[in-house]
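Undergrad: Please read through the structure below; I'll follow up with questions.
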Amino acid sequence: MSSVAVLTQESFAEHRSGLVPQQIKVATLNSEEESDPPTYKDAFPPLPEKAACLENAQEPAGVWNNKIRPIKASVITQVFHVPLEERKYKDMNQFGEGEQAKICLEIMQRTGAHLELSLAKDQGLSIMVSGKLDAVMKARKDIVARLQTQASATVAIPKEHHRFVIGKNGEKLQDLELKTATKIQIPRPDDASNQIRITGTKEGIEKARHEVLLISAEQDKRAVERLEVEKAFHPFIAGPYNRLVSEIMQETGTRINIPPPSVNRTEIVFTGEKEQLAQAVARVRKVYEEKKKRTTTIAVEVRKSQHKYVIGPKGNSLQEILERTGVSVEIPPSDSTSETVILRGEPEKLGQALTEVYAKANSFTVSSVSAPSWLHRFIIGKKGQNLAKITQQMPKVHIEFTEGEDRITLEGPTEDVNVAQEQIEAMVKDLINRMDYVEINIDHKFHRHLIGKSGANINRIKDQYKVSVRIPPDSEKSNLIRIEGDPQGVQQAKRELLELASRMENERTKDLIIEQRFHRTIIGQKGERIREIRDKFPEVIINFPDPAQKSDIVQLRGPKNEVEKCTKYMQKMVADLVENSYSISVPIFKQFHKNIIGKGGANIKKIREESNTKIDLPAENSNSETIIITGKRANCEAARSRILSIQKDLANIAEVEVSIPAKLHNSLIGTKGRLIRSIMEECGGVHIHFPVEGSGSDTVIIRGPSSDVEKARKQLLHLAEEKALFVTCSRAQEGGSGQQTWGWFLQQTKSFTVDIRAKPEYHKFLIGKGGGNIRKVRDSTGARVIFPAAEDRDQDLITIIGKEGAVREAQKELEALIRSLDNVVEDYMLVDPKHHRHFVMRRGQVLREIAEEYGGVMVSFPRSGTQSDKVTLKGAKDCVEAAKKRIQEIIEDLEAQVTIECTIPQKFHRSVMGPKGSKIQQITRDYNVQIKFPDREENPVHSVEPAVQENGDDAGEGRDGKEAEPGSPRRCDIIVISGRKEKCEAAKEALEALVPVTIEVEVPFDLHRYIIGQKGSGIRKMMDEFEVNIHVPAPELQSDIIAITGLAANLDRAKAGLLERVKELQAEQEDRALRSFKLSVTVDPKYHPKIIGRKGAVITQIRLEHDVNIQFPDKDDGNQPQDQITITGYEKNTEAARDAILKIVGELEQMVSEDVPLDHRVHARIIGARGKAIRKIMDEFKVDIRFPQSGAPDPNCVTVTGLPENVEEAIDHILNLEEEYLADVVDSEALQLYVKPTPHEESKAPSRGFVVRDAPWTASSSEKAPDMSSSEEFPSFGAQVAPKTLPWGPKR
């Protein structure tokens, strides 16, 4: 009898649940079945062999070592200060509103920089500007121009130096204006003035003036000398009010440039005649040395707030002290925290100067008035009305309100301050007597409902009870609402707000997750679809998030049942939308969107209907170029192809807008559109679109190739001159970078029209080659001549339009030409028979062209085979003469035709030809020559006679023609050019200019892969941008040389672009090194799960917030310290992340754990479905609750962890729940005693359990038991192994 093992049914069920159906080979045993039980190996298949386990076990090393290359921050921040006296908007009550705020918003929108403004205690304006460097500089210049009072000054420098101030392409001038935040106006070359005008702030003017004078001094042909003088002694050299330096300049005729106080330079620049310059330098040096010997300094402390009084308006007080005492007073910069004032002068004068400094500093006083902070805005009044009354009476008094402080600070002359203080105290007393406030707590999630749509609810309460209600913004998450106003009104408003909040608390709120892309569809056009839903569920309030928030949460609020019904209805609607929600984004240049939309939306409507898709275009004022197509996949692809084909057709098109008064449009279009059509045909088929009649729009759009559009614009404006009083043309420049505007004041004249008739075959002769004849008529008379279009019924009619005198003159000229054409004559000329074939070949194409061009003249050549050289011409006299002349020109060209060779190595032929031979076709047209390229020589075969070899060189070398002997180029390198000699030479030069050349640029080898970019995208972009070929050496060569090949004109730009890219990459490398800083922090491993958080939420938040990478120790690595957490990133960020982790650890160390006995029968109910109930308890009490696992020694022991007070409250709560649920359990168990068991339970027979044969524990003694210490039979779970398929299926 074989040995068997018995398992319980429960354990068998556990095993069976993990098996794949095909692997279940277990026989069911019962009392009636006598089949043998399965073997142990059948029931429990062995694990795979070791070799199988280890297959592909090696994981690729260093997967996480590939750091993402950081992107270098390109944002900079600058802070600068606008003093009170230079502020353009000084009324502090308008801060944050009014003109000042509008100007700041405009500057931010225009430049892309971010502005932050704050008021200093001295009412100066501190401005922080952030953004890219060029945006910051532009914003700074705009701020100075628009927020700071502007002064102006002139500086005279020699006229010939002006160009050095302007610099190449005006770059120097632009840079100087940005650096000094001023506007510098330089007189035009034809203006005799040498005065340069500088407009801006006082400080900016000083800097700009100094820089201009320096430039002039550098360029001055006279002597220039620089003298180093300590900055502290500059005031003594300048003298009070600059008198001393002016005196020296006047006496010596030398220009002396002393840097202004705001410029940190010590050198003084002298310019002038050598002898006089030497005198000036000597005098200045004498003053400097004398003052250096005789002066001494004292330092005194003066409060920072009093410095401005010592300086005085425009520095007058300092100059006054210098004039009276001869002592210079040095004040620390406004951005410094130092309060030390230094007096420098002769010892006997320092006492008097010190007295004056303190007198100036103490000429003003500071006082304060106690006033609750909530009353401040009532004291200020609406738009500052109350405060304006005081400041108008006492303009020198400065009143400052500090948010959150219960006092008001006054600063100014003592008498004025006292009067202002009395008035403000009276206002405070009055307000306290008749005003009250109250603060109420309402959950912040109800605030937006209290406010109502567009503030309807809260505005009604404010107006009804005459109170002010201050609700905190959503970002603060504060529950505190403050009500201020009349005591009775405050109480009534409080009562109503609390009632509203109470009502909202009894409602059900549900968040429905709907992808934002469906929101507009659910709302419908003009809100039609959402209105239907709201009508269906009138008690439910449906709130969609603001599109700018990019949120998917739609909030439903109302009675519970209605909310549930509305939820199901909307979920079904969303499910239907998902089916047809495939979306494609198509980037299309902004200028082509209007073409895709079509006239009146015709194109886009047609595409939508035919493809059955939804197509969304960005708003006109949006910067986005992306068109979004939504629908079924196949339909979306079809719509995308249609849209891209429209863009492709329009890719080379330019567009111009011309603004012409609408009342002139009909006269410009002309009868049946003939006038405007003649302009379009004459200008290469451009399209000219006038607005719909009656629309009131003045904009006429011209669209077509750039050169033709410009030509049409000029002609249209010329016509407008004859018909309008005023015309303004604005051309939308590429990229919307700006507009060019022209305007004229014109004399109104009446247009005059005359029709004349001429045979259609004369029209081409009248027009002339390239329109030459008709252009002469127009230029000489000023009238416009319009010929009929092909579709016109009357082909004989020619229309002349213009001023009456001009039209009459043009009519005379044309009628005379037409009369001469009607006189048919016959003439002949002699043409050498050898040239006859050229005229009659290709079915007489040359003769047909002559007939069309010269009024239908008939040209007859003698029959082939005859040796006659007489050619007959028949037609109008002028046409015959013109045709003879043309034939003679052709003969001269044929006789003068030569053939020359141009040698260009075959490897460059493809590049010279250009795409589809476009470059060669252009040269043949431009120079009227024929160009023939040789056949391509795939496998060059050398001539039988080998070339002479020198020094043993191989004859095959020099195939490109560079090393071959002069005069013996390869046949495959020779290009043949035929035509007139001078034209052939010019064509040859043009061909040689197309031969690409190569330059080499040295680029560090380690940067090559970044220059190439992902899948070559980086290098492709550069090659497309600069129209060159860039060759990067193979990695194995380890070479630093990159070769650039292309036209010489493009190489410099390509080299500069490549070197600029190298600089960017080197800067990125430096930044990458800074990001590699590592910091280790020691944390007990028991806290690691808490620091990581649920699904890594906590540690992810720290990583994102501080922009660092945080690595925890590997539990399976015994060599690694288990308490070390490694943080990688910028040093500052790693320290901040370390502090955040240690803060969490500090909180965890304060926590306690308590075990509480809780009947295991109620555990399931306390935990709830999917742990929902227990999570709610843990969130509410901010604790962690752990239940015992099955098989634990004490199934009733529950552990609660958290802060002591929270743990106690949580334990009380769950014990109360236990008591409540236990009563239900006892009742249920009692009821079970009286319930009849089911038939299935009655029929169940006692089971022997699960039986197997040949189990290991029953094996004979000959079989060796497994060695539990063997790593082969019991491998370690810590080893790295590849994932493998388990015999019992995946673990669940």
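Undergrad: Can you confirm whether segment 209-216 contains a residue that is surrounded by 14 or more Cβ atoms within 10 Å (Cβ to Cβ) and touching a residue at least 60 places away in the same chain (Cβ under 8 Å)?
TA: There is no residue in segment 209-216 that is surrounded by 14 or more Cβ atoms within 10 Å (Cβ to Cβ) and touching a residue at least 60 places away in the same chain (Cβ under 8 Å).
Undergrad: Looking only at segment 420-438, decide whether some residue is assigned to a helix (DSSP H, G or I), touching a strand residue (DSSP E or B) at 6+ places or on another chain (Cβ under 9 Å), farther than 30 Å from Gln306 by Cα and not aliphatic (A, V, I, L, M).
TA: Looking through segment 420-438, none of the residues is assigned to a helix (DSSP H, G or I), touching a strand residue (DSSP E or B) at 6+ places or on another chain (Cβ under 9 Å), farther than 30 Å from Gln306 by Cα and not aliphatic (A, V, I, L, M).
Undergrad: Just to check your reading of the model, which residue among Lys466, Lys453 is at pLDDT below 85, out of contact with any His (no Cβ under 9 Å at 6 or more places or on another chain) and on the phi > 0 side of the Ramachandran plot? Let's see the steps before the verdict.
TA: Values: Lys453 fails: on the phi > 0 side of the Ramachandran plot.
Testing whether each residue is at pLDDT below 85, out of contact with any His (no Cβ under 9 Å at 6 or more places or on another chain) and on the phi > 0 side of the Ramachandran plot leaves just Lys466.
Undergrad: Kindly indicate the residue of segment 133-157 that is of a type in the set (Gly, Ala, Ser) and part of a helix (DSSP H, G or I) and also nearest to Arg87 (Cα to Cα) among those meeting that condition.
TA: My answer is Ala145.
Undergrad: Here's something else I'd like to know. Among the residues in segment 582-600, are any surrounded by fewer than 19 Cβ atoms within 10 Å (Cβ to Cβ), part of a strand (DSSP E or B), without any contact (Cβ under 8 Å) to a residue 40 or more places away in the chain and touching a Lys or Arg at 6+ places or on another chain (Cβ under 9 Å)?
TA: no
Undergrad: For Ser551, are the conditions met, namely being part of a loop (DSSP other than H, G, I, E, B) and out of contact with any His (no Cβ under 8 Å at 6 or more places or on another chain)? Give the derivation first.
TA: Numbers: part of a loop (DSSP other than H, G, I, E, B): yes; out of contact with any His (no Cβ under 8 Å at 6 or more places or on another chain): yes.
Against the criterion (part of a loop (DSSP other than H, G, I, E, B) and out of contact with any His (no Cβ under 8 Å at 6 or more places or on another chain)), Ser551 qualifies.
Undergrad: From the set of residues in segment 1190-1217 that are among the small types (Gly, Ala, Ser) and either more than 54 Å from the chain's Cα centre (by Cα) or farther than 16 Å from Ala1173 by Cβ (or both), which is surrounded by the most Cβ atoms within 10 Å (Cβ to Cβ)?
TA: Let us first name the residues in segment 1190-1217 that are among the small types (Gly, Ala, Ser), namely 1190-1192, 1202, 1210.
Filter again for either more than 54 Å from the chain's Cα centre (by Cα) or farther than 16 Å from Ala1173 by Cβ (or both), leaving 1190-1192, 1202.
Values: Ser1190: 6, Gly1191: 6, Ala1192: 11, Gly1202: 22.
Checking each candidate, the answer is Gly1202.
Undergrad: Asn433 fails exactly one of the following numbered conditions: (1) open to solvent by 90 Å² or more (accessible area, probe 1.4 Å); (2) over 27 Å from Arg482 (Cβ atoms); (3) of a type outside the set (Gly, Ala, Ser). What is the number of that condition?
TA: Of (1) open to solvent by 90 Å² or more (accessible area, probe 1.4 Å); (2) over 27 Å from Arg482 (Cβ atoms); (3) of a type outside the set (Gly, Ala, Ser), only one is false for Asn433: (2).
Undergrad: Testing Gln1150 on (1) touching a Leu at 6+ places or on another chain (Cβ under 8 Å); (2) surrounded by 12 or more Cβ atoms within 10 Å (Cβ to Cβ), one condition comes back false. Which one is that?
TA: The one condition Gln1150 does not meet is (2).
Undergrad: Turning to a different aspect of this structure: Give the number of residues within segment 345-359 that are open to solvent by less than 60 Å² (accessible area, probe 1.4 Å), at pLDDT below 90 and within 17 Å of Pro235 (Cβ to Cβ).
TA: Counting residues in segment 345-359 that are open to solvent by less than 60 Å² (accessible area, probe 1.4 Å), at pLDDT below 90 and within 17 Å of Pro235 (Cβ to Cβ) gives 6.
Undergrad: If you go through segment 1070-1107 one residue at a time, how many are open to solvent by less than 60 Å² (accessible area, probe 1.4 Å), in contact (Cβ under 8 Å) with a residue 24 or more places away in the chain and closer than 19 Å to Thr1134 by Cα?
TA: Count: 10.
Undergrad: Continuing with the same structure: For segment 171-192, which positions are open to solvent by less than 50 Å² (accessible area, probe 1.4 Å), closer than 15 Å to Ala153 by Cβ and either assigned to a helix (DSSP H, G or I) or out of contact with any helix residue (DSSP H, G or I) (no Cβ under 8 Å at 6 or more places or on another chain) (or both)?
TA: Once the filter is applied, which keeps residues that are open to solvent by less than 50 Å² (accessible area, probe 1.4 Å), closer than 15 Å to Ala153 by Cβ and either assigned to a helix (DSSP H, G or I) or out of contact with any helix residue (DSSP H, G or I) (no Cβ under 8 Å at 6 or more places or on another chain) (or both), segment 171-192 yields Leu176, Glu177, Thr180.
Undergrad: What number of residues within segment 485-539 are under 19 Å from Lys453 (Cβ atoms), part of a loop (DSSP other than H, G, I, E, B) and at pLDDT 85 or above?
TA: So the answer is 2.
Undergrad: Sticking with this structure for a sec: Give the residue that is nearest to the chain's Cα centre (by Cα), with candidates limited to residues of segment 378-421 that are open to solvent by 90 Å² or more (accessible area, probe 1.4 Å) and polar (S, T, N, Q).
TA: Among those that are open to solvent by 90 Å² or more (accessible area, probe 1.4 Å) and polar (S, T, N, Q), it is Gln385.
Undergrad: Return the residue satisfying two criteria in turn: it lies in segment 775-787 and is closer than 24 Å to Gly856 by Cα and without any contact (Cβ under 8 Å) to a residue 12 or more places away in the chain, and of such residues it is surrounded by the most Cβ atoms within 10 Å (Cβ to Cβ).
TA: The residue in question is Arg775.
Undergrad: Among (1) assigned to a loop (DSSP other than H, G, I, E, B); (2) free of Cβ contacts under 8 Å to residues at least 40 places away in the same chain, which single condition is Gly855 missing?
TA: So the condition that Gly855 fails would be (2).
Undergrad: Separate question: Within segment 894-903, is there a residue that is open to solvent by less than 70 Å² (accessible area, probe 1.4 Å), in a helix (DSSP H, G or I) and more than 30 Å from Leu821 (Cα to Cα)?
TA: Scanning segment 894-903, I find at least one residue that is open to solvent by less than 70 Å² (accessible area, probe 1.4 Å), in a helix (DSSP H, G or I) and more than 30 Å from Leu821 (Cα to Cα), so the answer is yes.
Undergrad: Out of Gln1066, Gln1038, I need the residue that is touching a residue at least 24 places away in the same chain (Cβ under 8 Å), open to solvent by 80 Å² or more (accessible area, probe 1.4 Å) and not aromatic (Phe, Trp, Tyr). Which one?
TA: From the options Gln1066, Gln1038, the qualifying one is Gln1038.
Undergrad: Taking only pairs six or more apart or across chains, which ones have beta-carbon atoms under 9 Å, a first residue in segment 186-205 that is more than 28 Å from Pro83 (Cα to Cα), and a second residue that is of a type in the set (Gly, Ala, Ser)?
TA: Pro187/Ser193; Ser193/Ala156; Asn194/Ala156; Gln195/Ala156
Undergrad: Of the numbered conditions (1) open to solvent by less than 20 Å² (accessible area, probe 1.4 Å); (2) farther than 26 Å from Phe787 by Cα; (3) at pLDDT 75 or above, Ile679 satisfies every one except a single condition; which is it?
TA: (2)
Undergrad: Looking at segment 240-262, which of its residues are part of a loop (DSSP other than H, G, I, E, B), open to solvent by less than 20 Å² (accessible area, probe 1.4 Å) and in contact (Cβ under 8 Å) with a residue 40 or more places away in the chain?
TA: Residues of segment 240-262 that are part of a loop (DSSP other than H, G, I, E, B), as a first pass: 253-254, 258-262.
Narrowing further to those that are open to solvent by less than 20 Å² (accessible area, probe 1.4 Å): 254, 259-260.
If the condition is that a residue be part of a loop (DSSP other than H, G, I, E, B), open to solvent by less than 20 Å² (accessible area, probe 1.4 Å) and in contact (Cβ under 8 Å) with a residue 40 or more places away in the chain, then Pro259, Pro260 are the ones that fit.
The values are calculated or read from the model by the stated rules, or taken from the named source; none is laboratory data. Treat the numbers as computed from the prediction; the structure is a model and nothing was measured. Please note: Cβ atoms are built from the backbone with ideal geometry, for glycine as well, and neighbour counts cover all protein chains shown. Heads up: the accessible areas ignore ligands, DNA and RNA and are worked out on the full protein's heavy atoms, side chains in. Shrake-Rupley method; radii C 1.70, N 1.55, O 1.52, S 1.80 Å.
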